[in-house]
Amino acid sequence: MKAEKDLISVIVPVYNVASYLPKCIKSIMNQTYSNLEIILVDDGSTDECPAICDEYKSKDTRIKVIHKRNGGITTSRKAGAQIAQGKYIGFIDGDDWIEKNMYEELSGYAKRDKAQIVLSGMYRDNEKGTYVKWNAANISVGRYSKNNKEAELCTKLFSNGSQNVNGSLNNKLFEAQLLKRNLEKVDNRIHGFADDTVCLFPCLLEADTVTIIEEAYYHGVDRAGSATHSRNDHWFEQLNLVFFRLRDVFQTYSYKEILLQQLQAYIINSTFEGVEQLFPDLKAQKYFWINDTNKIKKKIIIYGAGKVGQSYFLQFQKIQSVDVVLWVDTNAEQYRKKGLRVSDIDCIYEQEYDEIIIALKNRVIAENIKTNLIQSGINKEKILWKEPVSFYEYVYKSGR
């Protein structure tokens, strides 16, 4: 897809990711869309990152480097945005990487649709490579303008206490001025929890036109020590900041009642998650398989070890008529390091079982897993998936 070569500013927050940073930078330098301004923001790294940033700056005139005192990802994004000259802005974390045609494609959609934001999917990678693709949103792909954006996008940002739109800033392209206005209002203390969402959702509400696409070009890398996989001791402080920022934004729209109700559910679920941050050994159930547990057959395999899988494992362990004979995940090694008894996917074919329970929230990913299992010879009647019920739904909607 061809587009006029408007300048795109790519902002890369960098903090102690020296082993990953060269691949990240090279993936930006090698984009098929060449009119880029690459801004590397070293957030007070104590490893080799400062030297790596300076080295690549000497190799490519498009690269600018900011060295700053450590202040967190929000301050790094703001520092990059303040010097960004592009018509559009994109973000990439320093330990991730992108497909070579990412900005060619995203800018093409922005130009075609006159979109202020383009949302794409995201791949997740581990030490074995790419293991899953996340959709841009659990909302239909397409162009959303003033005549359909409110009903079909803006009132569906959340679903039952969870984000219905992938909250990351990284797999998207923003009109620069829209992004800068909303990023500047994000409290610098927010980092490690919802620092993306608290900027993205106000942008989505304000934008005249938004385009959601099915394709994915961004690779998020799972690694020990990342913000996603680290304990956040300031969870509740940041949750409070997130709540008041989004509440203040939501109250300015005519459909504020819907947005505030969704925000309430999101905060309740996030509070529950914060308790787990404080007490990592707490075995708490966040998601539920309800109504027909009595119909589950004796020997089951749980497919998925994320938040849903861990909740299902706790739930089914308490049911005497059910025996969890195997628990598998494509990222099993990561969960084994956390002390969970999770096996590799291939173990399914060595195990006797009655049913496989797919433990995921996302219907599309669950359907893809089901298709792959069927293609590998597993009887489709033995594969079960239903949308998990969140803690908020279970307690506040069921009357328990």
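The values are calculated or read from the model by the stated rules, or taken from the named source; none is laboratory data. The structure presented is a predicted model; accordingly, all values stated were derived computationally and were not measured. With ideal geometry, Cβ positions are generated from the backbone for all residues, glycine too; neighbour counts draw on all protein chains shown. When the accessible area is computed, the model is the full protein with side chains, heavy atoms only, and any ligands, DNA or RNA have been set aside. Shrake-Rupley method; radii C 1.70, N 1.55, O 1.52, S 1.80 Å.
Tabulated data
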| read-out | value |
| --- | --- |
| Most positive-pole-ward Cα, S19, S390, V249, against dipole of the chain from beta carbon charges | V249 |
| Karplus-derived 3J(HN,Hα), 6.51/-1.76/1.60, for each residue of the range 248-258, Hz, glycine and proline x | 5, 5, 4, 5, 8, 10, 5, 9, 4, 4, 5 |
| Segment N148-Q177, length gained on full extension (0.36 nm per residue, minus Cα span) | 8.1 nm |
| Solvent-accessible area of K338 with every protein chain in place, 1.4 Å probe, in Å² to the nearest 10 | 120 Å² |
| The range 275-381 - charge dipole about Cα centre, Lys and Arg +1 at Cβ, Asp and Glu -1, debye rounded to 20 | 380 debye |
| Nitroxide proxy distance, nm - points 7 Å out along Cα→Cβ at S321 and T155 | 4.0 nm |
| Extension gain from R247 to K382, taking 0.36 nm per residue of separation minus the Cα-Cα distance | 44.2 nm |
| Chain lengthening between Y255 and K100 when straightened (0.36 nm per residue, less Cα-Cα) | 51.8 nm |
| DSSP-defined antiparallel bridges as percent of all bridges, the chain, nearest 5 | 35 percent |
| Rounded Å value of the spacing that divides the Cα centres of the range 55-114 and the range 176-203 | 15 Å |
| Which of D47, D346 is most accessible, then next, and so on - probe 1.4 Å | D346, D47 |
| Exposure rank, largest accessible area first [V364, V210; 1.4 Å] | V364, V210 |
| Percent carbon-and-sulfur accessible area, the chain, ignoring ligands, DNA and RNA, probe 1.4 Å | 47 percent |
| Pairs beyond 26 Å (Cα-Cα), from K133/K386; K57/K114; K111/K370 | K57/K114; K111/K370 |
| Percent RCO, i.e. relative contact order, over the chain, from Cα pairs under 8 Å lying at least 6 residues apart | 14 percent |
| For E215, solvent-accessible area (1.4 Å; no DNA, RNA or ligand), Å² | 80 Å² |
| Computed helical MRE - 222 nm, the chain, DSSP H runs ≥ 4 contributing -39500 (n - 2.57), nearest 500 | -10000 deg cm²/dmol |
| Rounded FRET efficiency, nearest 0.05, which uses the C-beta distance separating V141 from I290 and R0 of 41 Å | 0.85 |
| Folded to 0 to 90 degrees: helix 102-113 orientation relative to the chain principal axis, Cα | 80 degrees |
| Sequence of T330, T209 from largest to smallest accessible area, 1.4 Å probe | T330, T209 |
| Answer label for P(r) over Cα pairs in 20 Å bins from 0, in percent (calculated), chosen among (i) 27, 51, 19, 2, 0; (ii) 26, 57, 17, 0; (iii) 28, 59, 13, 0 | (ii) |
| Residues E237 and F279, FRET efficiency given R0 of 22 Å [Cβ-Cβ distance, rounded to 0.05] | 0.85 |
| Accessible solvent surface per residue of the chain, calculated while the other protein chains remain in place, 1.4 angstrom probe, Å² | 46 Å² |
| Heavy atoms of D195 accessible to a 1.4 Å probe, total area in Å² rounded to 10 | 10 Å² |
